[in-house]
Structures are given as structure tokens and as C-alpha cells.
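The values are calculated or read from the model by the stated rules, or taken from the named source; none is laboratory data. Bear in mind that the values here come from a model prediction, so they are computed numbers and not experimental data. All Cβ positions, glycine included, derive from the backbone under ideal geometry; neighbour counts span all protein chains shown. Only protein heavy atoms, including side chains, enter the accessible area calculation; ligands, DNA and RNA are left aside. Shrake-Rupley method; radii C 1.70, N 1.55, O 1.52, S 1.80 Å.
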Amino acid sequence: MLLLGASALPSLSFASLIQGSPRVLQMSNIHTGETLNTQYFDGRQYQLTELQKINHLCRDFRQNEAFDMDKTLFDQISAIQQVIGCDNQVEIISGFRSSATNKMLSKRSEGVAKKSLHMLGKAIDFRIEGVPLSDVRKAALSLKAGGVGYYPNSNFVHIDSGRFRTW
């Protein structure tokens, strides 16, 4: 697996990685078993029907509630895949979370923020099939495009569209 770290890409920014090119994602939801192959951006504009399909895939499966996810999350995932050099399936662990689900999860785990960006559709937890989690994390960090959380014991990386920070 090819991984180009931040030091190998000093002149490439998150915006330059995704600028003007069609964006395609193969995705699955590990909880529902649903899969989606989508071109959500055609090189000029976002495809609303495709974004709705992604929103459905990323819904709070416990409440069966969808929400308009921040499309820059999908752009971040596309850029992460470019940095890594793969287009393997993206396995969604958690996208949108209703306040009820977030409250329930925060009672079970200290790692769940009470005011999580998941509740605003601005965060996603995922892994990329066949790619070491540490490589996904390194690629996400190289973008400096939002928050990056690393959860190797739970086997996922968290990204969000907030300010750049890491944990």
C-alpha cells in the first residue's frame, strides 16, 4: 500500500487534492450491511440525489433517522484515499447521531462527546478496507482539514469538519 505522508506532499493542500475532479466513493455501513457506489461530485457540482443516498447510508441506524451530512466530510475521505493511493471501500462506523443515540452512547463511554459534531452531521467514524488504520490516520492528519481522532482499539478513525485538532 502506498502512503504519501504530509512530508511527501508539502505543496499539496486538501483543496488542491479534490479541486475540479469527479469524486467517487464505494461505501458500506457496518451496522446495516448496506453498500453504495456513488459519484457524488461530477467535477463541477455536487449531485444532490447521490448526497441523499450517502446521507441515508450514514443515518443513525438506531433511530432510523437521516440528516444532511456536511459534504466536505466526503471530500476529506476522497482526499484521504488520494493520499493513500487507493479507492477501497469506506466502511462507515458512525455518521449522523440523533441526540437520543448520542446521549445513550455517552453514558456507555467516556469517549463520546456530549455535544458531538456527529449530531450536526459534521463528523464521521470510518476505516478503509484493507488499509492499515495508522495509514488512514496519517493521511487524514496530512490534510489538516478538520478534527482527526484515532481509535485503534475500536478500529476506526474519526474525522470532522470542525477546526483542525487531533486526539
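Quick look at the values:
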item	result
Residues satisfying the stated conditions in segment 122-131, i.e. without any contact (Cβ under 8 Å) to a residue 60 or more places away in the chain, open to solvent by less than 60 Å² (accessible area, probe 1.4 Å) and closer than 23 Å to GLN63 by Cα	ALA123, ASP125, PHE126, ARG127
Qualifying positions in segment 132-159 - touching a residue at least 60 places away in the same chain (Cβ under 8 Å) and surrounded by 18 or more Cβ atoms within 10 Å (Cβ to Cβ)	ASP135, LYS138, ALA139, ALA140, LEU141, SER142, LEU143, ALA145, GLY146, PHE156, ILE159
Complete set of residues in segment 60-87 that are of a type outside the set (Val, Ile, Thr), open to solvent by 30 Å² or more (accessible area, probe 1.4 Å) and touching a residue at least 24 places away in the same chain (Cβ under 8 Å)	PHE61, ARG62, GLN63, GLU65, ALA66, PHE67, ASP68, ASP70, LYS71, GLN82, GLY85, ASP87
Test result for LEU57, over 20 Å from THR32 (Cα atoms) and either modelled with pLDDT of 95 or more or open to solvent by less than 20 Å² (accessible area, probe 1.4 Å) (or both)	no
Out of LEU4, LEU17, LEU9, sole residue that is open to solvent by 60 Å² or more (accessible area, probe 1.4 Å) and modelled with pLDDT under 95	LEU4
